[in-house]
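Undergrad: My questions will all concern the structure given below.
The values are calculated or read from the model by the stated rules, or taken from the named source; none is laboratory data. Everything quoted here is computed from the prediction, not taken from an experiment. Note that each Cβ is placed from the backbone with ideal geometry, even for glycine, and that neighbours are counted across all protein chains shown.
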Amino acid sequence: MAEPKPPAPSIMLVAIFSRHRTALDWALERIAQTWGRLALCSDRFDHGETNYYQPTMGSGLTKQFVIVDGLYDPAQLSDSKLESNRWEAELAAANRFSELRPLNIDPGYITLTKLVLASAKDRAHRIYLKQGIYAEQCLYYLDHRWQARPWTYPDYQRDDFQTFFSQAREHLKRLVLSQPSAIQIANGRRDVL
């Protein structure tokens, strides 16, 4: 019989995007206040791979990624997504912006072998967690690089995004090596270090 083991060490990744710089700044402040100090912040990237969000968010979107300091329990992913949904609704209800959805916040996590995002939309490849929230493995790490799945969002395949994800992965490796309990969990897959 297989024996249950703790999950692989992970760090929290949060993707935020908006056409408003002030909305992105608001999200960064809320993330830091609630989930913890920001260990890494990406540049702000133009988000033009799709027009899916244009009807509710407008055009000229900018996306930014952040890593929250410390290890993250992936069992919290659905709670993190539900909380970020409340923040989006709070900002929209404040009527500071003309768009129906002035801000999108997508929490997820990175392990040494994968990048996972939360979603409230069901698809064939997504795994149900709880309370209407699903998990999706967007990328996996193999042969010293991030690799896409057939369903991986086009922007997550961009070199500049993946450069940041690799920086985040290196940050996780440093955390794992500095914490004996994390090393013990990761030792089963020492090849990924």
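Undergrad: I need a count of the residues in the range 1-55 that are part of a helix (DSSP H, G or I) and in contact with a helix residue (DSSP H, G or I) (Cβ under 9 Å, 6 or more places away or on another chain).
TA: 7
Undergrad: Looking at (1) surrounded by 16 or more Cβ atoms within 10 Å (Cβ to Cβ); (2) among the charged types (D, E, K, R); (3) more than 16 Å from the chain's Cα centre (by Cα), which is the one condition that is false for Arg126?
TA: For Arg126, the exception is condition (3).
Undergrad: Which number in (1) at pLDDT below 95; (2) surrounded by fewer than 19 Cβ atoms within 10 Å (Cβ to Cβ); (3) part of a helix (DSSP H, G or I) marks the one condition that Val176 misses?
TA: (2) is the only condition that Val176 fails.
Undergrad: Of all residues in the range 12-49, how many are within 17 Å of Phe164 (Cα to Cα) and among the acidic types (Asp, Glu)?
TA: 2
Undergrad: Tyr53 passes all but one of (1) surrounded by fewer than 15 Cβ atoms within 10 Å (Cβ to Cβ); (2) modelled with pLDDT under 95; which number fails?
TA: The number of the failed condition is (1).
Undergrad: Output the residues belonging to the range 1-20 that are over 30 Å from Ala92 (Cα atoms) and among the charged types (D, E, K, R).
TA: Glu3, Lys5
Undergrad: Just name the residue that is nearest to Pro9 (Cα to Cα) out of those in the range 76-95 that are assigned to a helix (DSSP H, G or I) and free of Cβ contacts under 8 Å to residues at least 12 places away in the same chain. Spell out the reasoning first.
TA: Start the filter on the range 76-95 by keeping residues that are assigned to a helix (DSSP H, G or I), which leaves 76-93.
From what's left, free of Cβ contacts under 8 Å to residues at least 12 places away in the same chain: 76, 79, 86, 89-90, 92-93.
Working: Gln76: 13, Asp79: 18, Arg86: 27, Ala89: 31, Glu90: 32, Ala92: 34, Ala93: 36 Å.
Out of the qualifying residues, it is Gln76.
Undergrad: Filter the range 10-23 for residues that are under 15 Å from the mean Cα position of the chain (by Cα) and not small (Gly, Ala, Ser); which is surrounded by the most Cβ atoms within 10 Å (Cβ to Cβ)? Write out each step before concluding.
TA: Applying the first criterion (under 15 Å from the mean Cα position of the chain (by Cα)) to the range 10-23 yields 10-17.
Among the residues that remain, those that are also not small (Gly, Ala, Ser) are: 11-14, 16-17.
On the way: Ile11: 22, Met12: 25, Leu13: 24, Val14: 22, Ile16: 27, Phe17: 22.
Per the criteria, the residue is Ile16.
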